[in-house]
Amino acid sequence: MSRSINNSMQRRVIDNRARHRHIMQTSGRDNAQGNLLGLVCVTLALVAITAWSYWPTMADLFKEWQRDDDYSAGQLVPLAALFLVWRERKHLRECLLKPCWWGIALLVLAQMGRTFGQLFMYESAERYALVLTTAGLVLMVAGWQVFRRVSWILLFVFLMVPLPGRIHNIISAPLRNVATTGSVFLLEAFGARISQQGNVMMLNSNTPMGVAEACSGLRMLTAFVIVSAFIAYMVKRSRLQKAALLVSSIPVAVVCNMLRIVVTAMLMLFVSTEAADKFFHDFAGLVMMPAAVLLIFGELWLMEKLTMPEPSPRQGPASAQAKPSMRA
């Protein structure tokens, strides 16, 4: 009798422990689901408040993309950034969601920049503040692990903002001069009679062709930098090769713009001015971007051929000694 009583008591104890564990697991799951639901609600509320607060800035930025051809490629940056985040979805699921209050520092910095832009009529400050606010919200809501994972994507988003007016003027004038001088050099190399007067080229001493501000190549430069940054993030290469690819987009854009001007000048010389105008404004804009992408992939292929593959960590001295013995 005593043994049966002890056995029954032990069974009751085991059953009670099992029930307690089940209750704890169930409550833990409920708490986790409740925390996740609360985090989603807070995130949606912050996104809605940010969108409402920055709506005039976003509307003005969209108008700038439509109005200025030099920065029209910027409207593709948000879509490309969303695609990159979707591509990182598997790695983001593995990250620990832990809010970090350091994000408030980024939000305060963003609001300081926005206030400066509103007080001194500096639109670029408000636009950069929008991107910085997005980064601060990611850090504050999701935490350091998610922020580190998407840090390069957040830097990529900065490319959607047009350059400030002063920087635009500083870059545009040298680009025009380089495009004009380089085009004259190439045309002379092909045997054309040409002279240069500032940013105006005289073809056969009687046909003027001016390199206007729209021909400076800034539009190609901004587009090529965005495309190069996107491809550099997508390909699996070393950071040095990715940096080289991004930096090389600048001379690639300059060379492509020179080729466009040279072909336009040749059409003016040997065909007609109407054909040259049509090529410059219609056909060249469609051809130069695929050509630049081909040059970028050609550069990746060249870097792959010029660089030595890194040795596998599994290969040690023993494996290095094993190869000569097999040959012998």
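Please treat every number below as a calculation from the coordinates, not as lab data. Bear in mind that the values here come from a model prediction, so they are computed numbers and not experimental data. Note that each Cβ is placed from the backbone with ideal geometry, even for glycine, and that neighbours are counted across all protein chains shown.
Determine, at each q value in 0.09, 0.20, 0.21 (inverse angstroms), the log₁₀ of I(q)/I(0) that the Debye formula gives when each Cα of the range 81-236 is one equal point scatterer.
Evaluating at q = 0.09, 0.20, 0.21 Å⁻¹ gives log10 I(q)/I(0) of -0.49, -1.21, -1.26.
Please list 3J(HN,Hα) in residue order for the range 69-84, calculated via the Karplus relation 6.51 cos²θ - 1.76 cosθ + 1.60 where θ = phi - 60°; whole Hz, with x for glycine and proline.
5, 5, 10, 5, 5, x, 5, 7, 5, x, 5, 5, 5, 4, 5, 5
If you take the beta carbon distance between K305 and F120 as r and set R0 to 51 Å, what does 1/(1 + (r/R0)^6) give as a FRET efficiency, to the nearest 0.05? All intermediate terms of the calculation are to be shown ahead of the outcome.
Details: r = 51 Å, r/R0 = 1.00.
FRET efficiency, K305 to F120: 0.50.
How high is the FRET efficiency from M234 to F270, r the C-beta distance, R0 45 Å, rounded to 0.05? Walk me through the intermediate numbers first.
On the way: r = 41 Å, r/R0 = 0.91.
According to the calculation, E is roughly 0.65.
Please work out the Cα center distance from the range 235-278 to the range 162-194, rounded to the nearest Å.
12
Largest first and in whole Å, what are the equivalent-ellipsoid semi-axes of the range 163-240 based on the Cα gyration tensor, each being the root of 5 times an eigenvalue?
So the three semi-axes of the range 163-240 are 32, 17, 9 Å.
Sort out for me the Cα centre separation of the range 52-109 from the range 112-145, rounded to whole Å.
Taking the Cα centre of each part, the range 52-109 and the range 112-145 sit 11 Å apart.
Residue by residue through the range 48-60, what is 3J(HN,Hα) from phi via Karplus (6.51 cos²θ - 1.76 cosθ + 1.60, θ = phi - 60°)? Round to whole Hz and write x for glycine and proline.
Each residue's phi maps through the Karplus curve to give 5, 5, 5, 5, 5, 6, 9, 4, x, 5, 5, 5, 5 Hz.
Nearest 0.05, what FRET efficiency do W152 and A189 give at R0 = 35 Å with Cβ-Cβ as r?
Details: r = 41 Å, r/R0 = 1.16.
It comes out at approximately 0.30.
Sort the range 63-144 into rounded, prolate or oblate with this rule: let a ≥ b ≥ c be the square roots of the eigenvalues of the Cα gyration tensor; rounded if a/c is under 1.5, and if a/c is not under 1.5, prolate when a/b is larger than b/c, oblate otherwise. Present the calculation step by step, with values, prior to reporting the outcome.
On the way: a/c = 5.54, a/b = 1.27, b/c = 4.37.
The shape class here is oblate.
Please arrange D68, D60 by how many other C-beta atoms lie within 10 Å of their C-beta, fewest to most.
Numbers: D68 15, D60 12.
Ascending number of Cβ neighbours within 10 Å: D60, D68.
Less than 14 Å Cβ to Cβ from A125, Lys/Arg counted +1 and Asp/Glu -1: what total charge do the surrounding residues give?
After counting each charged neighbour, the total is 0.
Run the dipole for the range 165-306 about the Cα centre, Lys and Arg Cβ at +1, Asp and Glu Cβ at -1, nothing else charged, and hand back the magnitude in debye, nearest 20.
540
With a cut-off of 8 Å between alpha carbons and a minimum separation of six or more residues, what is the relative contact order of the range 165-306 in percent?
After rounding, I find 22 percent.
Note down the Stokes-Einstein diffusion coefficient of the range 165-306 in µm²/s, whole number, using a Kirkwood radius over alpha carbon pairs, 10 °C, and 1.306 mPa s.
Rounded to a whole number, D works out at 98 µm²/s.
On a full-extension model of 0.36 nm per residue, what is the gain between V47 and K98, subtracting their alpha-carbon distance, rounded to one decimal in nm? Mind showing how you got there, number by number?
Numbers: separation 51, 0.36 × 51 = 18.36 nm, distance 1.79 nm.
Full extension of this stretch gives 16.6 nm more.
Looking at the range 91-192, which GluC sites (Glu not before Pro) are in a loop (DSSP not H, G, I, E or B) and have at most 12 other Cβ atoms within 10 Å?
Details: sites: E94, E123, E126, E188; in loops: E94.
In loop regions of the range 91-192 (DSSP not H, G, I, E or B), the sparsely surrounded GluC sites (Glu not before Pro) are E94.
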